[in-house]
Amino acid sequence: MVAAAGLLWSVAVSAQTERAYEIQRDMPLFLDSLKKEFTYPMAWGNSDIKDFNQWRSAAKTKLSEEMLLPPPRAEAYDMKILESEKRDGYTAHKIEFNLTKYSRVKGYLLVPDGEGQHPGIVALHDHGAHFTIGKEKMVRPFGVDQSVLDDSDAWADNLYEGQYVGDYLAKNGYVVLSTDALMWGERGCKEGSDNTHLASVAGNMQLLGRNLAAWMTYEDSYATEFLASLPEVDAERIGCTGLSMGGYRTFMLAAVSPLIKASVGVCWMTTQDAMMDWKYGRHERGGFANNLGGVFAQLDYPHIASLACPNAMMLINGETDKLFKPHAVRQCYDTMHKVWDSQGVGDKLETHLLQQGHEMPKSVQEMTLHFLDKHLK
């Protein structure tokens with residue numbers, strides 16, 4: 001009996017020293033089981049709805065349900081021009097306007113020279129875990145501290161080959177609008193914006209019945225409506241573009257806003273399966289900027305992007321982009337081409353997997369311009 005008691009005691013001690021856990025690398029150990037449940041029944045081709053327009057309406061309704069409550073629209077934009085600077089072929093304005101009932105924001109509005117209405121572009125900035133600037137990643141700032149200008153120029157050099165996308169498009173005849181997303185630039189945290197604060201804000205917004213990623217999409221759609229209201233803009237010829245999180249914002253905006261007729265998303269497209277995978281060790285902390293919660297039980301990222309069909313869309317990704325694996329990008333492209341082809345508008349979807357990393361160099365900006373010109377001019 002004494003020997004038996006001693007054996008039981010040693011087993012108990014051993015069990016205590018081997019601490020149990022159910023989370024590893026910030027993932028639940030049952031991750032693979034959860035992923036098997038994602039069958040995307042609402043996707044085009046999976047859904048029982050066979051009429052495309054009816055499917056798109058139902059899928060958008062499901063998406064909006066998961067995006068939770070939108071911010072109320074502003075009663076009036078009350079735009080004010082704060083500063084202006086004449087540039088080569090266009091004028092850059094620093095403006096301020098009511099984006100929602102809650103938020104009055106600053107932005108850059110670039111207006112090409114010449115009379116009449118111009119096509120418009122919403123220029124959507126990236127994430128980069130770099131929160132000190134937002135709109136200044138897309139438009140070269142002016143009337144700012146030298147530190148802000150240095151920050152912006154360094155960012156443009158790093159990801160955009162020294163060329164600001166917004167300025168490039170304005171010089172080529174587009175009215176360009178760029179504003180900060182919540183958490184970036186002049187809309188950041190008092191305590192200092194970083195990924196830890198992003199996670200905290202996302203959690204607090206959830207407790208308030210809002211989704212932070214969806215909030216960004218809602219605001220992007222409101223910004224598009226503001227752009228369409230301007231006398232310099234032809235509301236029938238509006239597009240959007242961006243890199244990285246800006247690429248995500250691009251296809252989300254194209255999916256939800258009927259005003260977007262052409263879009264170019266760069267270096268953001270993947271499947272939920274590839275993003276949440278043990279093999280690649282992705283710690284998706286930045287996912288608070290693209291986390292739409294329960295929608296993934298119904299639609300994957302390429303299915304959401306396909307809500308933009310039959311409008312024009314171009315997606316560009318990089319073979320050496322460490323954030324988005326090429327096999328998943330190809331899978332997304334295949335899924336989306338089937339949607340556009342099914343509606344007889346396959347020529348309106350262009351997809352490219354280039355020999356590049358996570359960037360939007362001048363060559364890609366030139367591709368962006370040609371695509372937008374084709375579909376908006």
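If you go through the range 353-369 one residue at a time, do you hit one that is under 13 Å from A305 (Cα atoms) and either surrounded by fewer than 20 Cβ atoms within 10 Å (Cβ to Cβ) or at pLDDT below 95 (or both)?
Within the range 353-369, the subset under 13 Å from A305 (Cα atoms) is none.
Within the range 353-369, not a single residue is under 13 Å from A305 (Cα atoms) and either surrounded by fewer than 20 Cβ atoms within 10 Å (Cβ to Cβ) or at pLDDT below 95 (or both).
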With a cut-off of at least 3 residues that are open to solvent by less than 10 Å² (accessible area, probe 1.4 Å) and under 21 Å from R330 (Cβ atoms), name the helices (runs of 4 or more DSSP H) lying wholly within the range 191-308.
-> 245-256, 301-305
For T100, indicate whether it is open to solvent by 60 Å² or more (accessible area, probe 1.4 Å), among the polar types (S, T, N, Q) and under 30 Å from A214 (Cβ atoms).
-> no
Residues within the range 163-190 that are under 19 Å from the mean Cα position of the chain (by Cα), more than 19 Å from W215 (Cβ to Cβ) and open to solvent by 20 Å² or more (accessible area, probe 1.4 Å), tallied | 0
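Looking at the range 208-231, which of its residues are within 17 Å of I260 (Cα to Cα) and either free of Cβ contacts under 8 Å to residues at least 12 places away in the same chain or touching a Gly at 6+ places or on another chain (Cβ under 8 Å) (or both)?
Taking the range 208-231 and keeping what is within 17 Å of I260 (Cα to Cα), we get 216-230.
Within the range 208-231, A223, L227, A228, L230 qualify.
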Is it fair to say Y160 is open to solvent by less than 40 Å² (accessible area, probe 1.4 Å) and either at pLDDT 95 or above or over 23 Å from P302 (Cα atoms) (or both)?
-> yes
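Are any residues in the range 27-60 of a type in the set (K, R), surrounded by fewer than 13 Cβ atoms within 10 Å (Cβ to Cβ) and not in a loop (DSSP other than H, G, I, E, B), and if so, which ones? Let's see the steps before the verdict.
We begin by selecting, within the range 27-60, every residue of a type in the set (K, R); these are 35-36, 50, 56, 60.
From what's left, surrounded by fewer than 13 Cβ atoms within 10 Å (Cβ to Cβ): 36, 50.
Within the range 27-60, K36 is the sole residue that qualifies.
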So how many residues does the range 339-354 have that are polar (S, T, N, Q) and touching a residue at least 60 places away in the same chain (Cβ under 8 Å)?
-> 2
Taking first residues from the range 355-377 that are in contact (Cβ under 8 Å) with a residue 12 or more places away in the chain and second residues anywhere that are outside any helix (DSSP H, G or I) and open to solvent by 10 Å² or more (accessible area, probe 1.4 Å), the pairs with Cβ under 6 Å that are 6 or more apart or on different chains are Q355/E319; G357/T320; H358/L323; P361/E161; K362/E161; K362/Q163; L369/N172; L376/R237
Expected output for the range 232-250 (first residue modelled with pLDDT of 95 or more, partner aromatic (F, W, Y) and not in a strand (DSSP E or B), Cβ below 6 Å, 6+ apart or cross-chain) is S244/W268; G247/W268; Y248/W268
Please specify each residue of the range 75-97 satisfying the condition of being under 16 Å from T179 (Cα atoms) and open to solvent by less than 30 Å² (accessible area, probe 1.4 Å).
-> A92, K94, I95, F97
The range 136-153 residues that are free of Cβ contacts under 8 Å to residues at least 12 places away in the same chain, paired with ones that are assigned to a helix (DSSP H, G or I) (beta carbon under 8 Å, 6 or more apart) | V144/E136
Please find, within the range 167-205, the residue that is farthest from E66 (Cα to Cα) out of those that are without any contact (Cβ under 8 Å) to a residue 60 or more places away in the chain and of a type in the set (S, T, N, Q).
-> T196
Picking from V111, V122, the residue that is in a strand (DSSP E or B) and under 21 Å from W184 (Cα atoms) would be V122
In the range 287-301, how many residues are of a type in the set (F, W, Y) and farther than 11 Å from Y40 by Cα?
-> 1
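Can you confirm whether E319 is acidic (D, E) and either crowded, with 16+ Cβ neighbours inside 10 Å or under 20 Å from T241 (Cβ atoms) (or both)? Step through it out loud before you land on a result.
Details: acidic (D, E): yes; either crowded, with 16+ Cβ neighbours inside 10 Å or under 20 Å from T241 (Cβ atoms) (or both): no.
Considered against the rule, which asks whether it is acidic (D, E) and either crowded, with 16+ Cβ neighbours inside 10 Å or under 20 Å from T241 (Cβ atoms) (or both), E319 comes out as no.
The values are calculated or read from the model by the stated rules, or taken from the named source; none is laboratory data. The shown structure was predicted, so the numbers you read here are calculated from the model rather than taken from an experiment. Methodologically, a virtual Cβ is constructed for each residue, glycine included, from the backbone with ideal geometry; neighbour enumeration extends over all protein chains shown. Remember, those area values only see protein heavy atoms, side chains included, never the ligands or the DNA or RNA. Shrake-Rupley method; radii C 1.70, N 1.55, O 1.52, S 1.80 Å.
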